[in-house]
Structure formats: structure tokens, C-alpha cells
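What follows is one structure encoded as C-alpha cells, with my remarks underneath.
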Amino acid sequence: MKLRIQNDTIRLRFSMEELERLCEGHVLEMSTSFVGGALRTTVLPTGSEGHISLKEGVLAVDVPQDLLIALNKGNDEGFTMELGTSTVAIEKDFACIGREEEKNDGLFPNPKLNDGTC
């Protein structure tokens, strides 16, 4: 899982295995250490609508499981959710063009490789 924060937008990118695990109902967690503490990010597939919270160093994002399943099965690159004052983007993590193959392991095939723009 990759996390990117810019102003009020949070972007989460998932490898093929991570997205599959979310579709199966598993929770994904990661921790980013800082001097004096850490930010733990938790993504929970849910049967209800999306939700986001930040409490005691834990960024928790609830994502409707049906949207995750549709993303995993379809050709879309991702989707966004407007949650309060935040926008949360959920995206497939695509292989980087020109990167060593081992660094692209487990990532989604880059659609630009097949559309002639590379």
C-alpha cells in the first residue's frame, strides 16, 4: 500500500495482492515512523458507505467492499470518495515504465504499455 497526502486529498494505491485481500474482506495496515511517533494507516473493507478518521496516530479508512471488487474486476484505474472535508482516492498501483522488473513485482500492468503512448 502506498499513501500520498496532498492538502485535503488522500491517495491510496494498492498492488494486485493487496486489492485482492481487500476484496476478500481482509484489513490492510501499514505504519510510517517519524521521530517521536508513527502514523498507522488502516484500510477496512466495509458493507456500508465510506468513512475516514484520524485518532491517536491512526488514519482509518473504511471503503465499500463492492467498490473494491468492481475496481479489481474492471478496467478502471481507481475511484474517489468525498468524505467530509477530505477526498480519498483508491487506485491500482501500476508498474512504472523503465523501472527494474523486480521493483514492479506484484503491481498491475501499466495500461500505457498497450495503448501506444510509451
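Each reported figure results from applying straightforward, stated rules to the coordinates on display, with no laboratory input. Computed from a predicted structure; not experimentally measured. All Cβ positions, glycine included, derive from the backbone under ideal geometry; neighbour counts span all protein chains shown.
Some points to look at:
- Under a model in which nothing but the beta-carbon of Lys, Arg (+1) and Asp, Glu (-1) is charged, the range 2-110 shows a dipole of about 300 debye around its Cα centre.
- Only one of (1) 14.1; (2) 15.2; (3) 19.0 was calculated from the structure for Kirkwood radius over Cα pairs in Å, and its label is (2).
- Cα-based Lys proximity count in the chain, under 26 Å, for pairs eight or more positions apart or on separate chains: 11
- Each other residue within a Cβ distance under 13 Å of Ser48 adds +1 if Lys or Arg and -1 if Asp or Glu, for a net charge of -3.
- DSSP bridge orientation in the range 2-110 - percent antiparallel, rounded to nearest 5: 60
- Projecting the Cα atoms of Gly74, Thr85, Leu22 onto the dipole axis of the chain, where Lys and Arg carry +1 and Asp and Glu carry -1 at the beta carbon, places Thr85 farthest toward the positive end.
- Annotation for Lys55 and Arg40: the two label points, set 7 Å from Cα along the Cα-Cβ direction, are 1.3 nm apart.
- Multiplying each eigenvalue of the alpha-carbon gyration tensor of the range 2-56 by 5 and taking the square root yields semi-axes of 21, 14, 12 Å, largest first, rounded to whole angstroms.
- Label separation (Ile5 vs Asp66): 3.1 nm, computed from points 7 Å beyond Cα along the C-beta direction.
- Per-residue [θ]222 nm for the chain (sum of -39500 (n - 2.57) over DSSP H runs n ≥ 4, rounded to 500): -4000 deg cm²/dmol
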